[in-house]
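Enquirer: My structure is below; once you've seen it, I'll send some questions.
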Ligand code: NDP
Ligand code: MG
């Protein structure tokens, strides 16, 4: 039996992780559940999973009688306080954005293992987070499907050097759209992801291919791979979740129907697999799997992420911060979709790259990126 905190419990990853907890009550106890403001949803989860500690960033107007048995924490630092109070063995970090970085940092103080979905924590604080994890001997188990696939393939490595990592990309909702149409894609167009059902921010990131750029940076940190050894291949069916190439040209891949409970369960149970009634792959019905090079003319943000990784220092933080502002504005229908890469470009060009020596440096670079992005958008500081 392991205790686990589900940080971002009301989200897409959080609820699917709780589905695994529900299937294995003898293996996992969710002793800490956190969310931002979806209080009714969190109350339901608290009733069902009976954690010791629950947290909401936005305090609710009223706490129902039947959820008062657990310890409640509210406010901007509620996730961190909840972790410190619950002291779970494992933390599933599934908050979206740099907002989840503090939780990952604290989980490395409190927990035995960190299960990481929150890729932005590595994009922004990667060197510091991985150094702390290594220093404390805490495994960082990937939840992102591509990184889980690579992690699974690396189980067969047996000390051999890796030549290349190949990240697959679905290509998102606009994969086959023309350039001009992409520029003016609506929120509804962009949120219609062909193969995965995810939170809003990551679905927008998939359509712009920023997500794949963030994943290159995530893979660089998780697997200590230089950016030049990480390639992206577009694979619309999302059946091959990613691949590892060895020096003899052998390529190992991990395949499965797209269902995040696979990679979530693998991280939760590692090294044991957690069956969840996954649909078996029917190769004959699939018939074929398609692969193509990414089109960086229609999806320029992918190259910006590669450039930011190469530049190092605060450049990935700037990319991420500008993207978070741009995606927020797009989801509020304040800017066309095509402005997202333009805003990232403006922030990368306008904010000087600085070294990152501390978490405070990360937040300073993030704030500078957000200011630059808002200036470019012509909006104030309200979000
Ligand atoms: P969702 O938007 O569905 O869920 C986000 C969760 O985090 C919610 O519980 C939300 O609470 C909470 N949250 C949001 N903002 C804050 C904040 N500022 N402070 C504390 N809690 C907050 O996101 P996803 O589940 O889709 O994604 C989570 C992370 O996992 C992201 O980093 C994403 O890139 C990554 N990921 C997701 C995949 C997926 O399939 N969804 C696949 C691979 C990676 P509330 O509900 O109250 O707003
Ligand atoms: Mg992914």
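The values are calculated or read from the model by the stated rules, or taken from the named source; none is laboratory data. Here the structure is a predicted model, which is why all the values come from computation and not from measurement. Note that we place each Cβ from the backbone using ideal geometry, even for glycine, and neighbour counts take in every protein chain shown.
Enquirer: Within the range 143-157, work out how many residues are surrounded by 13 or more Cβ atoms within 10 Å (Cβ to Cβ), more than 12 Å from ligand 1 (Cβ to nearest atom) and assigned to a loop (DSSP other than H, G, I, E, B).
Expert: Number of matching residues: 0.
Enquirer: Right, something else. Taking the options 184, 160, name whichever one is in contact with a strand residue (DSSP E or B) (Cβ under 7 Å, 6 or more places away or on another chain), in contact (Cβ under 8 Å) with a residue 40 or more places away in the chain and surrounded by fewer than 20 Cβ atoms within 10 Å (Cβ to Cβ).
Expert: Going through 184, 160 in turn, just one is in contact with a strand residue (DSSP E or B) (Cβ under 7 Å, 6 or more places away or on another chain), in contact (Cβ under 8 Å) with a residue 40 or more places away in the chain and surrounded by fewer than 20 Cβ atoms within 10 Å (Cβ to Cβ): 160.
Enquirer: I'd like to check which helices (runs of 4 or more DSSP H) are fully inside the range 158-260 and have at least 1 residues that are within 13 Å of ligand 2 (Cβ to nearest atom) and touching a helix residue (DSSP H, G or I) at 6+ places or on another chain (Cβ under 9 Å).
Expert: In the range 158-260, the matching helices (runs of 4 or more DSSP H) lie at 200-208, 210-223.
Enquirer: Take residue 330 and tell me if it is touching a helix residue (DSSP H, G or I) at 6+ places or on another chain (Cβ under 9 Å), closer than 21 Å to residue 176 by Cα and assigned to a helix (DSSP H, G or I).
Expert: Yes: the conditions hold for residue 330.
Enquirer: Would you check which residues across the range 319-356 are under 20 Å from the mean Cα position of the chain (by Cα) and surrounded by fewer than 18 Cβ atoms within 10 Å (Cβ to Cβ) and list them?
Expert: Of everything in the range 319-356, just one residue is under 20 Å from the mean Cα position of the chain (by Cα) and surrounded by fewer than 18 Cβ atoms within 10 Å (Cβ to Cβ), namely 331.
Enquirer: Now for a different question. Can you confirm whether residue 115 is surrounded by fewer than 24 Cβ atoms within 10 Å (Cβ to Cβ) and under 27 Å from residue 302 (Cβ atoms)?
Expert: No.
Enquirer: Give the range 123-141 a look and list any residue that's away from ligand 1 (no atom under 16 Å from the Cβ) and part of a helix (DSSP H, G or I), or say none.
Expert: 127, 128, 130, 131, 132, 133, 134, 135, 136 - these are the residues of the range 123-141 that are away from ligand 1 (no atom under 16 Å from the Cβ) and part of a helix (DSSP H, G or I).
Enquirer: Please verify whether residue 120 is more than 21 Å from residue 359 (Cβ to Cβ), at pLDDT 95 or above and either under 16 Å from the mean Cα position of the chain (by Cα) or within 15 Å of ligand 2 (Cβ to nearest atom) (or both), treating the condition exactly as stated.
Expert: no
Enquirer: Based on what the data block shows, is residue 127 at pLDDT 95 or above, in contact with a helix residue (DSSP H, G or I) (Cβ under 9 Å, 6 or more places away or on another chain) and over 21 Å from residue 32 (Cβ atoms)?
Expert: Considered against the rule, which asks whether it is at pLDDT 95 or above, in contact with a helix residue (DSSP H, G or I) (Cβ under 9 Å, 6 or more places away or on another chain) and over 21 Å from residue 32 (Cβ atoms), residue 127 comes out as yes.
Enquirer: Follow-up question, since we're still on this one. Which of the residues spanning the range 340-362 are touching a residue at least 60 places away in the same chain (Cβ under 8 Å) and not in a loop (DSSP other than H, G, I, E, B)?
Expert: 340, 341, 344, 359, 362 - these are the residues of the range 340-362 that are touching a residue at least 60 places away in the same chain (Cβ under 8 Å) and not in a loop (DSSP other than H, G, I, E, B).
Enquirer: Looking only at the range 264-294, count how many residues are part of a loop (DSSP other than H, G, I, E, B), more than 30 Å from residue 15 (Cα to Cα) and without any contact (Cβ under 8 Å) to a residue 24 or more places away in the chain.
Expert: 2
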